[in-house]
Amino acid sequence: MGVLRLGSVSSADTSNAHPHTVPAGTNRCLMVGVEQEGGGVVQLAVGYGGQSMAAVVGINVGDGTDQRVDIYFLNDAGIVAAADNQIDLTAPPTNYGIIAQAYEFCVQTTPTVVDSEAATGDSDPLTNIQIAAIIDEMVFGLGGSGNTSTGVTWAGTNPLIALTNLDVNATAHAAAADRLVTGTETVNHNLTFTTAPNRVAGCACKVGFDPGVTREQDSFRYYNDDGTEATATARENQNVDLVIARTIPFHARVGTQYVSDPVAEAAEWRYKETADAVGEYRKIP
C-alpha cells in the first residue's frame, strides 16, 4: 500500500490564507508547494493553522525577475495542533501560487536534503532531476515556469504523475506531481511545459512509509515454532513468531500489502521476521 494520498489536492493563485482541510488518517503529513515570480524572491515562512511548516527543498532561477519553487512539510502532530485549516505565507511577492496535498502512512520526520533534488534551467525542457527511492515511498515534486501553460509533461523513466497545474497571475505557472514507488527505482521529475517558458525551476523530495503499527510490549506474545513461549534473548533477536492481541483498529502487512483491521475486535496478528530482516503481519484465523 505505501504512502497514500489523503483527500484532494488544492491550489490557489496569489491567495494568502489558502484553505486546505486534511482528513482524518494515520501518520499524516501535509506537503505544500509554493511557486513565486518576481525580483529577488526568497524562501518564505509558511504555516498551517499557526503551525510552522518545515522548508524541505527550494531553488530559484533568473536574473532580475526570478522563478522560484519550494516544498514544505508538516507532520501529524502539527496538523493536530493547527488552529485552523489555512495555509499562510509570510510576506509573499505579488505573484505566487500554492499547491497542497496531504498523505497518510508517512514517516513523521522532515525529509532531508539527502532525499531531495532541485534543478533550474533557462530553457525548456528541464531534465536530469532524479531521486532514488524504494518501495512504498512517495515522491512529491513541484515545477515552475516564467510563462503560463496549458500543462506540463513529467518525463523520463518512472516519471512523476501530475497532480494539478496552476497559472499564477497570468504571468507564471506551477505544476505539482507525485509518485508512489512500487520497487527500488529512480524517480524522474523532468519537466516539459506546453508553452515554452523563459525560466524553469523544479524540485522534489521523498516521504518515507510508516504504516502506524504500534509495537507496545504488553500487546505482544512471542512463540517459537514449536509453540512454546520464546525466551527474552529470542525476543530481542526477533527470530520468533510474534502474536499481537489487539482490541483497537490497526494496520498490518499481509504479504506485500498493508491493510486495516476495521473493527474493534480481539484479532490476533502474527509477525514473522525473515532472514533478510523484512517482517510481515498475517492474521490468524
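Return a yes/no flag: does the range 196-214 have any residue that is at pLDDT below 50 and surrounded by fewer than 17 Cβ atoms within 10 Å (Cβ to Cβ).
Yes.
Of the residues that make up the range 82-102, is at least one under 10 Å from the mean Cα position of the chain (by Cα), touching a residue at least 24 places away in the same chain (Cβ under 8 Å), within 18 Å of Pro23 (Cβ to Cβ) and not in a helix (DSSP H, G or I)?
yes
Can you confirm whether Met53 is under 22 Å from Ser145 (Cα atoms), within 14 Å of the chain's Cα centre (by Cα), crowded, with 17+ Cβ neighbours inside 10 Å and assigned by TED's automatic domain parsing to the domain that holds Asn147?
No.
Test of understanding: among Thr150, Thr171, Thr164, which residue is touching a strand residue (DSSP E or B) at 6+ places or on another chain (Cβ under 7 Å) and at pLDDT below 95?
Thr171
Starting from residues that are in a strand (DSSP E or B) and more than 17 Å from the chain's Cα centre (by Cα), keep the ones in the range 10-32 and report whichever is surrounded by the fewest Cβ atoms within 10 Å (Cβ to Cβ).
Of everything passing the filter in the range 10-32, Pro19 is surrounded by the fewest Cβ atoms within 10 Å (Cβ to Cβ).
The values are calculated or read from the model by the stated rules, or taken from the named source; none is laboratory data. A quick note: this is a predicted structure, and the numbers were derived from the prediction, not measured. With ideal geometry, Cβ positions are generated from the backbone for all residues, glycine too; neighbour counts draw on all protein chains shown.
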